[in-house]
1. Just wondering, is there one or more residues in region 363-384 that are at pLDDT 85 or above and not polar (S, T, N, Q)?
2. Being at pLDDT below 80 and open to solvent by 40 Å² or more (accessible area, probe 1.4 Å) is the filter here; which residues of region 40-55 pass it?
3. Looking only at residues in region 157-209 that are polar (S, T, N, Q) and farther than 21 Å from residue 286 by Cβ, which one is least open to solvent (accessible area, probe 1.4 Å)?
4. Which residue is farthest from residue 273 (Cα to Cα), if the candidates are limited to region 321-336 and must be touching a helix residue (DSSP H, G or I) at 6+ places or on another chain (Cβ under 6 Å) and open to solvent by less than 10 Å² (accessible area, probe 1.4 Å)?
5. Condition test on residue 149, is it touching a helix residue (DSSP H, G or I) at 6+ places or on another chain (Cβ under 8 Å) and open to solvent by less than 40 Å² (accessible area, probe 1.4 Å)?
6. I'm told residue 251 meets every condition in (1) open to solvent by less than 40 Å² (accessible area, probe 1.4 Å); (2) at pLDDT below 90 except one. Can you identify the failing condition by its number?
7. Of all residues in region 97-113, count the ones that are crowded, with 22+ Cβ neighbours inside 10 Å and closer than 16 Å to residue 195 by Cβ.
8. So, in region 289-299, of the ones that are of a type in the set (A, V, I, L, M, F, W, C) and crowded, with 20+ Cβ neighbours inside 10 Å, which residue ends up modelled with the highest pLDDT?
Amino acid sequence: MLRLKNIGRAQWSWALYDWANSAFATTVMGVFFPIMFKSYWCIDATVAQSTWRLGAVSSASSLAVAVLSPILGAIADRAGTRKRFLIYFALMGVVMTGGLALAAKGEWQLAALLYFIASVGFAGGNTFYDSMLVGVSSEKDVDMISALGFSLGYLGGGLLFALNVLMVSKPHLFGLADASAAVKVSFVCVCVWWAVFSLPLIFFVKEPFARAGAAATCGAATSLRQAVGELWHTVKRVGAHRQAFLFLVAYWLYIDGVDTVIRMAVDYGMSLGFDTQNLMIAFLVTQFVGFPAALLFGMVGERIGPKRAVLIGLAVYVGVALWGYRMDEVSDFYVLAVVVGLVQGGVQSLSRSIYVRLIPAEKSAEFFGFYNMLGKTAAILGPLLMGAAAVLTGSARMAILPIILLFVLGGGLLALVKVPTNQVEVGGG
């Protein structure tokens, strides 16, 4: 079993990128941008209009990444430019996140554009970050290294988010005029945090591989044409990677359930009448519980196998849904926050390490393009099921029950996946 003291500089540097960009996921994407968008940039819009605008820009960024990730992944595999693409996308996200602080009240179009580009930078960078896992891990430590990234992401994102919440709650302690000014400063904090903690990866993590014989000097149009051609061949050859395909179907189902819980938990709590301050604190609780829990899940995955560990996590999620259906007090919501924190990072990190074992290492960026494409199209079916259940039954409580189906179906397919133990061959230190 890999211990933290045995983790090398390159592995720590790779994992720290999760610490860096999770600040965007928590502070910006998870909480402050939606609040600011509704109450500040869309000040003259109705609630329905602002909801539509926010949903449209979120869907557009997800669609852009879903289309671009497999193609850019194929290009990166050919030319050995995963790290370069990651830097480009991260820089895009950093600059646009800082730019949000410049959008004035009522300028929702500018805010939406900046957020769109920042979201593409965040998600696009993750495609190449995930694909670089094969370069810093071996078969014996891939579960732990993957878990280390997620755990540092929970801790780093949670720490900065806690500071940002304090800034917004008590802006005068920081010399700020009001909560809106504090949110804008929070965007700048995320920008700086993301940039600074990306530096270890830039300096200490090497590009995993370049395709043997790949022409690094070919033109952009030629590279794109070749990449699209290879991508199409990969789609046609998917039968040759049947276990990876089966896993991707299972992953799409159960990660849809996981993402639905992440995105809809606060809305569900508000529907039950819980105070938003308590819901925000519960969000923080999940972040900090997720830090040690993701590491623990990595150890469990090493001991019993990552597939079994993920199946345990999915079983816990079924229990979470059943508990959520019955809860009446805000204390119940805190219990759910703790339980979700215990399994959320583990399911995410071990899913990534399972996938690493199922794909050809020399095409990791292209295959992780598919992986992240599915990740970005997740949380579509779950919210629809929740909404339909609420409308048809007239009960907010009934809305949470249909997502159990996603965990059961996804877990059932995952149980059929044959996970090898010797796929990851490229080691890093």
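The values are calculated or read from the model by the stated rules, or taken from the named source; none is laboratory data. Since the model is a prediction, treat every value here as computed from it, not as a measurement. Here the Cβ is made from the backbone with ideal geometry for all residues, glycine too, and neighbour counts use every protein chain on show. With ligands, DNA and RNA removed, areas are computed over all heavy atoms of the protein, side chains included. Shrake-Rupley method; radii C 1.70, N 1.55, O 1.52, S 1.80 Å.
1. The first filter runs over region 363-384 and keeps only residues at pLDDT 85 or above, leaving none.
No, because not a single residue in region 363-384 is at pLDDT 85 or above and not polar (S, T, N, Q).
2. 46, 47, 48, 49, 51, 52, 53
3. Here is the first cut: in region 157-209, the residues polar (S, T, N, Q) are 164, 169, 180, 186, 198.
After this cut, where a residue has to be farther than 21 Å from residue 286 by Cβ as well, the list is 180, 198.
On the way: 180: 37, 198: 10 Å².
Restricting to residues being polar (S, T, N, Q) and farther than 21 Å from residue 286 by Cβ, the top hit is 198.
4. Among them, the one singled out is 321.
5. On the way: touching a helix residue (DSSP H, G or I) at 6+ places or on another chain (Cβ under 8 Å): yes; open to solvent by less than 40 Å² (accessible area, probe 1.4 Å): yes.
Against the criterion (touching a helix residue (DSSP H, G or I) at 6+ places or on another chain (Cβ under 8 Å) and open to solvent by less than 40 Å² (accessible area, probe 1.4 Å)), residue 149 qualifies.
6. (2)
7. 2
8. Quick first cut of region 289-299, residues of a type in the set (A, V, I, L, M, F, W, C) only: 289, 291, 293-297, 299.
Right, trim to crowded, with 20+ Cβ neighbours inside 10 Å and you get 289, 291, 293-295, 297.
Working: 289: 88, 291: 80, 293: 85, 294: 81, 295: 82, 297: 83.
Checked region 289-299; the qualifying residue modelled with the highest pLDDT is 289.
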